1. Can you find a residue in the stretch 643-658 that is assigned to a loop (DSSP other than H, G, I, E, B) and either surrounded by fewer than 24 Cβ atoms within 10 Å (Cβ to Cβ) or assigned by TED's automatic domain parsing to the domain that holds residue 361 (or both)?
2. Which condition breaks for residue 632 when tested against (1) surrounded by fewer than 24 Cβ atoms within 10 Å (Cβ to Cβ); (2) under 20 Å from residue 453 (Cα atoms)?
3. Using the structure shown, decide if residue 173 is under 22 Å from residue 238 (Cβ atoms) and at pLDDT 95 or above.
4. Which ranges mark the helices (runs of 4 or more DSSP H) fully within the stretch 395-495 that have 3 or more residues being crowded, with 19+ Cβ neighbours inside 10 Å and more than 32 Å from the chain's Cα centre (by Cα)?
5. Would you check which residues across the stretch 94-134 are touching a residue at least 40 places away in the same chain (Cβ under 8 Å), surrounded by fewer than 18 Cβ atoms within 10 Å (Cβ to Cβ) and closer than 20 Å to residue 72 by Cβ and list them?
6. Is at least one residue of the stretch 155-168 closer than 30 Å to residue 213 by Cβ and either assigned to a helix (DSSP H, G or I) or under 30 Å from the mean Cα position of the chain (by Cα) (or both)?
7. If I go through the stretch 496-514 residue by residue, how many of them are crowded, with 17+ Cβ neighbours inside 10 Å, closer than 15 Å to residue 538 by Cα and in contact (Cβ under 8 Å) with a residue 40 or more places away in the chain?
8. Collect the residues in the stretch 579-624 that are surrounded by fewer than 20 Cβ atoms within 10 Å (Cβ to Cβ), closer than 21 Å to residue 366 by Cβ and in contact with a strand residue (DSSP E or B) (Cβ under 7 Å, 6 or more places away or on another chain), keeping them in residue-number order.
């Protein structure tokens with residue numbers, strides 16, 4: 001005989017239940033609508049484009065992030081080491097359990113009311129699966145309680161909602177198992193005890209109840225059923241009415257679907273002819289997607305742990321920025337039935353988010369890399385900077401001087417006496433104004449042309465290119481700053497001025513391919529210049545040099561002098577996924593290379609991005625000092641980099657630490673130039 005579950009559904013349902021369930025569903029729908037209306041107070045954003053790609057990417061991410069929990073476990077696309085195993089496991093147990101239980105409930109409803117298909121062995125398998133995942137949820141909740149209230153890592157700021165949510169989840173699952181236990185005790189334990197074990201969660205309780213009379217079992221079954229219903233519906237009502245963090249189950253998929261599909265390194269431009277908003281000073285001036293971000297945040301703290309500014313003791317905490325903006329949004333638009341702004345509000349810049357916090361960001365993108373729900377922190381901070389820069393002219397003093405120099409001399413190096421061609425006075429290099437017959441333009445950049453330390457990088461790069469027989473040239477005195485420092489410091493107008501000026505010069509010489517040594521120049525030229533009509537093939541010197549090595553155009557000697565490590569710069573790695581080429585170059589040079597503890601997507605910022613190359617910082621809060629500490633602890637004698645910002649910041653930190661004699665900081669182009677075989 002096929003196994004068949006005996007049902008007690010006929011005593012379980014009534015018009016009261018259906019009414020309560022319907023009202024709960026209507027409440028949730030209304031709350032969703034209110035959230036939507038609150039997001040719509042923001043500005044427009046073009047996030048409804050490329051729907052086909054969005055759907056395909058969403059399905060892909062649903063598998064990678066949802067099923068495999070890649071970011072929850074702290075893994076990246078190539079390195080699947082589980083850096084966040086414990087919190088990742090907790091979320092996986094609770095999340096997967098809820099998904100399976102939701103599907104199981106839906107199947108049971110369909111089976112009972114529409115098409116009866118769960119019977120026999122299929123029903124037993126269904127029962128086993130749903131119970132096992134229910135047990136997963138209980139284990140996950142217990143582990144979460146231990147982590148939050150026992151271990152309590154710094155990144156977790158416990159609120160009442162956290163405890164209420166976990167307790168409600170636990171009560172819902174436990175009352176469900178107790179309910180199942182009474183049903184099994186009243187039916188299967190008496191008629192088919194072999195089937196009962198296929199419901200392990202309920203079976204444990206059924207064994208405890210089996211001594212009771214049938215009348216008592218049925219009575220308790222009805223009572224517990226109502227308790228379970230009330231708790232479950234109350235759970236959903238609580239989540240909806242009190243804006244619980246569990247609403248992220250709905251917001252996060254939406255947030256991921258509407259995430260930025262453009263280049264990670266491209267900030268959204270301001271159309272100065274169509275808008276009078278120069279940055280953001282009020283919450284309504286954010287766009288709707290930025291407001292959706294605020295609801296999607298679950299305060300997991302992964303961004304906080306990843307942030308180099310926070311780690312270095314600065315005021316910036318990316319998680320707190322998002323939460324403070326969210327609290328401000330709800331303070332300004334508090335209504336449940338109406339959505340009118342409050343009569344008075346705090347100043348968003350200064351009171352909600354302080355200027356110190358806004359300027360602390362290095363735009364390293366570690367926060368966004370770590371976020372499992374694709375919240376975009378940096379564009380909000382840059383929008384706040386834009387308001388300070390263009391509306392209020394409020395900058396840190398050193399940043400203001402750098403921008404002033406940038407506007408008058410087309411570079412941010414105030415006080416330098418070097419020119420754009422000083423570095424190559426003793427080197428025979430084409431200048432395109434004299435000879436435009438070149439295959440590739442070497443965009444030298446401000447640092448490599450004007451900074452004493454980085455001039456050596458430009459000279460090394462030129463030596464390598466000449467050794468390989470590359471037909472290249474430079475703009476010379478016609479080259480201006482690419483504009484990255486201005487844009488990251490909030491002066492969008494200055495950036496666009498520099499950008500359009502450079503595009504006209506490049507267009508005049510018919511430039512198609514550009515080589516850069518600076519990841520910031522690389523990122524701007526490759527991803528941001530196309531916003532203004534400047535489309536070029538842009539390669540970083542690590543990519544180009546590796547091609548020369550692999551093609552045999554460069555002959556290198558091995559230079560094995562102690563251990564060496566490569567430091568991933570933020571704008572080369574996290575922004576542009578260039579991780580392998582620098583390592584392959586270093587491996588071609590040195591036989592004894594090691595990885596730093598934090599590397600690739602998990603790399604630690606040098607502290608120079610976001611304009612910080614030109615800002616004064618307290619010595620005990622310098623990001624570069626923290627990174628050098630990690631490099632020293634790794635026991636290497638040479639740290640290789642591929643970014644002038646990193647090189648400068650490291651050189652300063654090495655001198656401050658007094659270890660410049662035992663630890664060298666060099667650009668990869670310098671190491672390659674040193675390793676070139678002399679032609680006989």
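The values are calculated or read from the model by the stated rules, or taken from the named source; none is laboratory data. As the structure is a prediction and not an experimental result, all values here were calculated from the model. Ideal geometry is used to build each Cβ from the backbone, glycine not excepted, and the neighbour counts take in all protein chains shown.
1. yes
2. Checking residue 632 against (1) surrounded by fewer than 24 Cβ atoms within 10 Å (Cβ to Cβ); (2) under 20 Å from residue 453 (Cα atoms), the one that fails is (2).
3. Spelling it out, residue 173 is indeed under 22 Å from residue 238 (Cβ atoms) and at pLDDT 95 or above.
4. Values: elements: 397-409, 445-450, 452-467, 484-488.
In the stretch 395-495, the matching helices (runs of 4 or more DSSP H) lie at 452-467.
5. 96 - this is the single residue of the stretch 94-134 that is touching a residue at least 40 places away in the same chain (Cβ under 8 Å), surrounded by fewer than 18 Cβ atoms within 10 Å (Cβ to Cβ) and closer than 20 Å to residue 72 by Cβ.
6. No - not one qualifying residue is present in the stretch 155-168.
7. Of the residues in that region, 3 qualify.
8. Correct list: 595 only.
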